[in-house]
Amino acid sequence: MRYEGMIYRPPGEWKSYLLQCTIGCSNNSCTFCSMYKDKQFRVRPLDDILEDIEMARKAYGSKINRVFLCDGDAIIMKQDQLLTILEKLYRTFPHLEKVTTYAGPKSTMTKTPAQLNELREAGLGRAYLGVETGDNELLAKVKKGATAEEILEAALLLKDCGFDLWTMIILGLAGPGAPSCQHAIATAELMNKMVPQHLSALTYMCEPGTPMYRDVQQGTFQLLNPREVLEETRLLLANIHEGPIHFTSNHASNYLSFNDTIPDKTPGMLAKIDSALSGETKIRSEWSRGL
């Protein structure tokens, strides 16, 4: 398959055929992120994308049942282009069950409800939305390019149009102390308003070459220690009351793994955190963590 630069996908898309529709990320300014820094954002020519689908057919035959549209924000593409790609995918792969994509908040809001409904009916079933935090002060600090209100508006629009909404947040993004508490509480409040079908929590790990990495090296940003991450996770979960929300923290960056449902299984998750805080339950060692 033809790809430009490093390709990224959500962990759950590890079995998916990765179809590169855009190059890079339309925002690409987040201070914590090292993805797509070697790329200038642009939409690939439609003919090239359609040729790639034919290449995949020749390589995999009819075996493909999931496709992820990458890079960071395929939903920004023109409506007719996306519809053409979806039609081609479902026509080419008779066993195709699902097509998914990352969705930026601002990019999502360029689509009308009618357009998003049209994409959903054409087979774009799941949207991955990077929320990071519900704290507006922190969103501005990390240069997310959207406010919590804008992220909520985009999320509710996707849900209203029938998308399976998978959101991601980053534990430890605010640093220790009061900012950690503010991050956890504000994110929980946002989740109570949004109630996504899925919520995944990753834990911040500084990546070389990013502004936050330089802050860590210069001592102007302090990473959370394992106990502080667990305490932040506990505060987050204890304050999310709406649901059901499928909650996961089984990414390699996390100290403690969860794959459960909020709020029904929240007491059990809190008990597991308490057990880890007391030392009874083991957490992931530093050497085994990664992005």
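The values are calculated or read from the model by the stated rules, or taken from the named source; none is laboratory data. Computed from a predicted model, the values in this text were never measured in an experiment. Here the Cβ is made from the backbone with ideal geometry for all residues, glycine too, and neighbour counts use every protein chain on show.
State all residues of segment 6-23 that are without any contact (Cβ under 8 Å) to a residue 40 or more places away in the chain and touching an Asp or Glu at 6+ places or on another chain (Cβ under 8 Å); if no residue qualifies, say none. Can you show your working first?
At the first step, the residues of segment 6-23 found to be without any contact (Cβ under 8 Å) to a residue 40 or more places away in the chain are 6, 14.
Once the filter is applied, which keeps residues that are without any contact (Cβ under 8 Å) to a residue 40 or more places away in the chain and touching an Asp or Glu at 6+ places or on another chain (Cβ under 8 Å), segment 6-23 yields only 6.
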Looking at segment 24-44, can you tell me whether even one residue there is farther than 30 Å from residue 252 by Cβ and in contact (Cβ under 8 Å) with a residue 24 or more places away in the chain?
yes
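When segment 46-65 is examined, which residues are found to be in a helix (DSSP H, G or I) and among the β-branched types (Val, Ile, Thr)?
First, the residues of segment 46-65 that are in a helix (DSSP H, G or I): 46-60.
If the condition is that a residue be in a helix (DSSP H, G or I) and among the β-branched types (Val, Ile, Thr), then 49, 53 are the ones that fit.
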Here are the criteria: (1) at pLDDT below 95; (2) closer than 19 Å to residue 2 by Cβ. Tell me which single one residue 77 does not satisfy.
(1)
Segment 135-186 - residue that is of a type in the set (Val, Ile, Thr) and closer than 17 Å to residue 201 by Cβ and, of those, surrounded by the fewest Cβ atoms within 10 Å (Cβ to Cβ):
185
Please determine, by comparing only the residues of segment 230-255 that are within 22 Å of residue 288 (Cβ to Cβ) and aliphatic (A, V, I, L, M), which one is farthest from the chain's Cα centre (by Cα).
230
Residue within segment 256-273 that is on the phi > 0 side of the Ramachandran plot, surrounded by fewer than 17 Cβ atoms within 10 Å (Cβ to Cβ), over 19 Å from the mean Cα position of the chain (by Cα) and touching a residue at least 24 places away in the same chain (Cβ under 8 Å) present
no
Where in segment 66-176 are there strands (runs of 3 or more DSSP E), lying wholly inside it, with at least 2 residues that are under 24 Å from residue 8 (Cα atoms) and among the small types (Gly, Ala, Ser)?
124-132
Looking at this structure, is residue 118 out of contact with any helix residue (DSSP H, G or I) (no Cβ under 9 Å at 6 or more places or on another chain) and either on the phi < 0 side of the Ramachandran plot or at pLDDT 95 or above (or both)?
no
Only one of 37, 15 is under 21 Å from the mean Cα position of the chain (by Cα), basic (Lys, Arg) and either surrounded by 14 or more Cβ atoms within 10 Å (Cβ to Cβ) or assigned to a strand (DSSP E or B) (or both). Can you tell me which?
37
Hits in segment 248-291 - residues which are farther than 12 Å from residue 234 by Cα, of a type in the set (S, T, N, Q), modelled with pLDDT of 95 or more and outside any loop (DSSP other than H, G, I, E, B):
248, 259, 261
